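Here's the structure, in structure tokens; my notes come after.
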Amino acid sequence: MESDRLRVAAFDELDAYTLYALLRLRAEVFVVEQECAYLDLDGL
């Protein structure tokens, strides 16, 4: 995955690898930046 480019895509345009990478990055941000050791699902 290239780190210096921005790509806009609809959810159904994401392949499994890209979706996984996005979700993993999101989780890392919450754990490290927000100091939240336990992840909660949005909307619950």
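Overview of results
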{"item": "In nm, spacing of pseudo-spin labels at Val31 and Ala10 (7 Å Cα→C-beta vector)", "result": "3.3"}
{"item": "Neighbour cut-off at most 13 other Cβ (10 Å), DSSP loop, GluC sites (Glu not before Pro), segment 8-37", "result": "Glu33, Glu35"}
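We did not get these values from a lab; they are worked out from the coordinates using the rules stated. All figures in this text were calculated on a predicted structure; none of them were measured in a lab. When we count neighbours, we look across all protein chains shown, and the Cβ atoms used for this are built from the backbone with ideal geometry, even at glycine.
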